[in-house]
Structure formats: structure tokens, C-alpha cells
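Q: Structure incoming, see below.
The values are calculated or read from the model by the stated rules, or taken from the named source; none is laboratory data. Everything numeric here is computed off the predicted structure, so don't read it as measured data. Every residue, glycine as well, gets a Cβ built from its backbone with ideal geometry; the counts of neighbours run over all protein chains shown. Ligands, DNA and RNA are stripped out before the accessible areas are found, and what is left, the full protein with its side chains, is counted by its heavy atoms. Shrake-Rupley method; radii C 1.70, N 1.55, O 1.52, S 1.80 Å.
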Amino acid sequence: MFLDTPQKPPRTLRYVEKAFDLVKSKKHVRDVVILNESGHPVMSTMDRDDAVQFSGPFQAIRGRLERGMSKIDPTDELLMLRIRTRTNEVLLVPDSKITLLVVQNAHDCFEK
């Protein structure tokens, strides 16, 4: 084992459930989807089919971003992706074993 390779902690079911409950209890959160390493939903406030359809495009965007970022700086990593519209935000937070997708109401809707 290399000394400069950091060990990433395992993500237990208890960890996933605790993260899920913590995020979904926040004020503006509408939906939460937790994906496993393979990109499959393992826990969600959406029904299974909706969670699969919803998470697919965000996993594709994540992959493209990571490939693009590696060309800029191969040592860097994606910590969070935030996509915002006038009324909604989607947060994508990759972790060592899971990916968290959060849909929330934008707190300060843009005015014309």
C-alpha cells in the first residue's frame, strides 16, 4: 500500500440512513436521492423509477465534469455541483462510496 493514498472510510447503511434523514429534514429540501458507487439509487424520497430517471442525467454530467477537470488538474476532485434555476436547485455531492442528489426550492427566487 502506498503511503500517500488516503483511506476513504466505508459507508455503512447506518451512515447512509443518517445522511438521508439529516438532509431531508432541512427546510427547503424537496427530494433526496442517494446513489451507490455504481450510480444506482439506494434510498430516495422519489419512487424508484423517478429516482432512476432523475439521477441518470446528473451522473452523466458528473462524469463529463470529472473528465474535463482531470485535463486541467489531474490531482483535483469534484466536491460539489450546484445547478440552479429560478425556482429550484439541484446539488450533487459525490463521496467515497455514495453520491447525494438534493433537490431544493431556491430560497430567493429571481425577480424581473
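Q: Mind counting the residues in segment 81-101 that are part of a loop (DSSP other than H, G, I, E, B) and touching a strand residue (DSSP E or B) at 6+ places or on another chain (Cβ under 6 Å)?
A: Total meeting the criteria: 1.
Q: Follow-up. Counting only residues that are assigned to a loop (DSSP other than H, G, I, E, B) and touching a residue at least 40 places away in the same chain (Cβ under 8 Å), which one in segment 24-45 is nearest to GLN59 (Cα to Cα)?
A: Per the stated criteria, the residue is GLY39.
Q: Looking at SER44, SER55, SER38, SER70, can you tell me which residue is modelled with pLDDT of 90 or more, surrounded by fewer than 15 Cβ atoms within 10 Å (Cβ to Cβ) and either among the polar types (S, T, N, Q) or touching a strand residue (DSSP E or B) at 6+ places or on another chain (Cβ under 6 Å) (or both)?
A: Matching residue, one of SER44, SER55, SER38, SER70: SER70.
Q: Can you name the number of the only condition in (1) touching a residue at least 40 places away in the same chain (Cβ under 8 Å); (2) open to solvent by 70 Å² or more (accessible area, probe 1.4 Å) that VAL103 fails?
A: (2)
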